[in-house]
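These notes are about the structure you will find just below.
The values are calculated or read from the model by the stated rules, or taken from the named source; none is laboratory data. Being a predicted model, the structure only gives us computed values, none of them experimental. Heads up, the Cβs are rebuilt from the backbone with ideal geometry, glycines too, and the neighbour counts pull from every protein chain shown. Accessible surface is based on the protein model in full, side chains and every heavy atom, while ligands, DNA and RNA are left aside. Shrake-Rupley method; radii C 1.70, N 1.55, O 1.52, S 1.80 Å.
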Amino acid sequence: MTSEEFPDAHRPAPAMRAALRRLHPLPRQAGEVARHVAEAARTKRPVRLGAVGIDVRHRLPAGLSLVHVQRERSGELTSYRVRAWCWCGAHPPLDLPPHPERLIAPDLTLARLHAEGENPSELLLAVAEWSTRHERLTDWLARVADAHGPGHGLVIRDDTGSELPWELLWLPGRPAPPTAEDARRAEPAAPPPPRLLGATLRTTRWIVRDPRERLPEPVPPRPGRVLSYTEAGMRGDAEAFRPFAHTPHTRFPLFLDQLEDTAEETGLVYVACHGTYGARLGELRLGTTTWRELNTRPMRALAGQHPVVYLNACHSGRSVDNSAQGESRLRGFTELFLRKGAAGCVVAMGPVNDEEARETVHAVMAQLAAAPRLSLAEALRRHRAEVTAAFPDLRRLPTLYDGDAFDVPGQRRVRRLLYTYMFHHYGHPHGLLGLRGQDAGAPAPEEAGEG
């Protein structure tokens, strides 16, 4: 019996009703355990139930699921534990313990998508193989997606310091409703084509900056401008911001000065430039500006207005272990801008191809211009879904060779798909940008005095 089923005279106090709501998932979790036990009895095979933590003091906000990945040892090997929760309680929490077949995989990264790296189809097939080693997780995510639809928010908190491409995780396809013809058919229907997580759910990531923090907080949108810096050769990106109030810069020092100015509301900070990555913090750069040089800047506009920062720069989302400098932390541009006050970050996990990167920002901003109440995460999900739809069945990817010749057009198609997933979004899945429309008499794209 729920609190709503009590007669008024016997209705529990508000605190008790809240406790009942928090305990509501427990019967379903008991049912899940019973299902596993019955399966073990039927097959005569042992079933590992795992340890599922139940925290009755906390529930996720409505419309959200959380996947938490933590580095752990599996014997002498470095593995990770995956836990997952859904707000609704209908899907029992998942605990995937560390395992020798699920190790930190340095080669399983989109950073290998470059001229001398992995061929695009080989990289995507490697992700497919990796996905099969997470069957319980992919089944759980597929059930959540089928129950809640593509507008459901998923936050991935990966604390391992690895670059595992969770957005590319292959999920089981959604079965089509059975038809009369299916009923007449003797053989079972073929399994539906697989889905990619980042195109199926409104997926974001998050970094915990404070021990008490668990999820990103939604920031109420305040109509603001786009503040941008574009390096020479990348000025075409600025065309994406024509529908919005936009202050463009072509000189990085003047752009950085604007990040200290709180006189005008800013909703999006956009940077398009060359990015540099290395094993040490001193090797991280945006253009010619180092991580430490940026870190000395207060960036008062971020702290006071909480815009989203979009870094269209190679490797801008990658982090380094800063233990060589005496601290047990991962540092990078994502952590820096979130710590300075950004509500979210869109960053690249490897080398960026200008054509695909420009296509992504143009597609996302066009969607936000057409539907201002659309979340940034949903605009990115829809663009991924549109690009992924070019492959009706991911099990039939272009092969490396078409006959005796290397299939250049086929590999370019796969590369376009992978670049769409190259950009990770750190922030709230339902967060809105709230950009202001183009002002009357707005400045020309090239600001005065910067020629």
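Structural remarks
- Inter-label distance for Arg329 and Glu283, nm, one decimal - labels placed 7 Å from Cα along Cα-to-Cβ: 2.1 nm
- Restricting segment 330-377 to GluC sites (Glu not before Pro) in coil, as DSSP defines it, with at most 16 other Cβ within 10 Å: none
- Cα gyration tensor shape for segment 79-190, rounded if a/c is under 1.5, else prolate or oblate: oblate
- Among the protein heavy atoms, those of Trp291 account for about 10 Å² of accessible surface (1.4 Å probe, every chain in place).
- Residue separation of Glu293 and Glu217 scaled by 0.36 nm, minus their Cα-Cα distance, works out to 24.6 nm of gained length.
- Length gained on full extension, Leu254 to Asp146: 34.1 nm, using 0.36 nm per residue less the C-alpha separation.
- Under the combined filter of DSSP loop state and at most 13 neighbouring Cβ atoms within 10 Å, segment 112-173 retains these GluC sites (Glu not before Pro): Glu116.
- Shown here for segment 220-288: trypsin sites (Lys or Arg not before Pro) in loop regions (DSSP other than H, G, I, E, B) with at most 14 other Cβ atoms within 10 Å, namely Arg251, Arg280.
- Solvent-accessible ranking of Trp85, Trp166, largest area first, probe 1.4 Å: Trp85, Trp166
- Tyr401 accessible area, assembled protein chains, probe 1.4 Å, Å²: 130 Å²
- Accessible area (Å², per residue) of segment 236-351, counting only protein heavy atoms and a probe of 1.4 Å: 37 Å²
- Rg/Rh for segment 311-447 stands at 1.05; both radii use Cα atoms, and Rh follows the Kirkwood definition.
- The solvent-accessible area of Ser79, taken with every protein chain present and a 1.4 Å probe, is close to 0 Å².
- Exposure rank, largest accessible area first [Val408, Val320; 1.4 Å]: Val408, Val320
- Multiplying the residue separation of Arg300 and Ala366 by 0.36 nm and removing their Cα-Cα distance gives an extension gain of 20.9 nm.
- For Val364, Val352, the ranking by accessible surface with the largest value first comes to Val352, Val364, using a 1.4 Å probe.
- Rounded D (µm²/s) - segment 248-366, Kirkwood Rh over Cα pairs, Stokes-Einstein at 37 °C, 0.692 mPa s: 223 µm²/s
- Judged by the gyration tensor of its Cα atoms, with axes a ≥ b ≥ c, segment 268-333 is oblate; a/c meets the 1.5 cut and b/c is at least as large as a/b.
- Computed from the Cβ-Cβ distance with R0 of 45 Å, the FRET efficiency linking Asp402 to Gln438 stands at 0.45.
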